[in-house]
Amino acid sequence: MDRLEIVELPDPGAPAADEIRVRIRASSLNYHDYRVSSGDAPSIDCRIPMADGAGVIEAIGGDVSDFEVGDRVVSVFFPQWHDGPPRVVGDFSHTPGDGVDGYAREVVVRPSSWFTRAPAGYTYAEAATLTTAGVTAWRALVSDGKLKAGDTVLVLGTGGVSIFALQIARSMGATVIATSSSDAKLERLSAMGAAHTINYRTQPDWGRGVTDWMGGQGVDHVMEVGGAATLPQSISAIRIGGRISLIGALTGRSGELPIVALIVKNVCLQGVTVGSRSDQTGLIAGLETTGVKPVIDRSFPLEELAQAFKYQIEGRHFGKIVVEF
């Protein structure tokens, strides 16, 4: 983090025929951004970080027909994945802030397909939370998970993906169970509509706690963000034939897996790495219909990006952390 610095770069100029020029106003922090910026993820030595970017279009190329000057837009995570099943996940060569320069800067010129419109009524900071966290939650629950009213969803912790998942699930008529190690955060989760909460620090066998609350029946969906240390409990909490979306590996990249339990329960365990541009437009339509707004814990100026990452890793946040400029 001590190698992050603010520099002056040449203006990117006017857009080519298929490009747009965007004045970036906000970005938001994700664990992927932290890994790249801290040197933990493969990347080149010098990179402008941040995959999420929201701003306003200042100019458009002659062949651009789906945007106009003045439109508010938000970046997509996989610019080459427009729709359909996963084809490019695992390849971050075009992902902003990783394979190419990201959005911790004031102005970018990029192909128009690298952005979508931002939701109507959203601030730049709110729109900047959608690219990674919002799309991940939407794809896991809706695009792939086929969430429906009456389903039960278990969310782990209070990071950006988990909070989005709670909001999306509640807006679509699902029941949500949530975990945290903080009783204060559990109170906030209840206030947001969680029907049941569990402190996983005081109740380490929280998978059993979920099924007990469900009367012996597990949940339909689990948003699994922890990885190796939490996956066995998520398997305990899922119903027979349920779906676990494996999104993160915050507790480690490898570990023992209760294979027999997965088989006996006929569990669908799916890795989820963000989503397509079509997933993002679906999310935005859903947010505009339901009126859901992201939860922003704290905003930092761009010059304090390193301090923002430090705050993120301390784990005290509830929802998203943004930088605005």
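Only one of D183, D205, D220 is of a type outside the set (A, V, I, L, M) and surrounded by 13 or more Cβ atoms within 10 Å (Cβ to Cβ); which? Spell out the reasoning first.
Details: D183 fails: surrounded by 13 or more Cβ atoms within 10 Å (Cβ to Cβ); D205 fails: surrounded by 13 or more Cβ atoms within 10 Å (Cβ to Cβ).
Result of the check over D183, D205, D220: D220.
Every condition in (1) closer than 26 Å to A306 by Cβ; (2) buried (at least 21 other Cβ atoms within 10 Å of the Cβ); (3) touching a helix residue (DSSP H, G or I) at 6+ places or on another chain (Cβ under 8 Å) holds for I20 except the one numbered (1). Of the numbered criteria (1) under 24 Å from P301 (Cα atoms); (2) modelled with pLDDT under 95; (3) out of contact with any Lys or Arg (no Cβ under 8 Å at 6 or more places or on another chain); (4) among the hydrophobic types (A, V, I, L, M, F, W, C), the one A51 fails is (2). As a summary of the residue check, P119 satisfies the conditions (1) without any contact (Cβ under 8 Å) to a residue 40 or more places away in the chain; (2) in a loop (DSSP other than H, G, I, E, B) except for the one numbered (1).
Quick check on my filter: what residues within region 18-46 are over 21 Å from the mean Cα position of the chain (by Cα) and at pLDDT 90 or above? D18, E19, I20, R21, V22, R23, listed by residue number. Among the residues making up region 101-135, a single one is in contact with a Phe, Trp or Tyr (Cβ under 9 Å, 6 or more places away or on another chain), β-branched (V, I, T) and surrounded by fewer than 24 Cβ atoms within 10 Å (Cβ to Cβ): V108.
Among the residues in region 243-250, are any of a type outside the set (A, V, I, L, M, F, W, C) and exposed (fewer than 13 other Cβ atoms within 10 Å of the Cβ)? No, that holds for no residue. A single entry from G319, G255, G315, G248 fulfils the requirement of being at pLDDT below 95, under 28 Å from V210 (Cα atoms) and touching a Phe, Trp or Tyr at 6+ places or on another chain (Cβ under 9 Å): G248.
The values are calculated or read from the model by the stated rules, or taken from the named source; none is laboratory data. Here the structure is a predicted model, which is why all the values come from computation and not from measurement. All Cβ positions, even for glycine, are placed from backbone atoms using ideal geometry, and neighbour counts span all protein chains on display.
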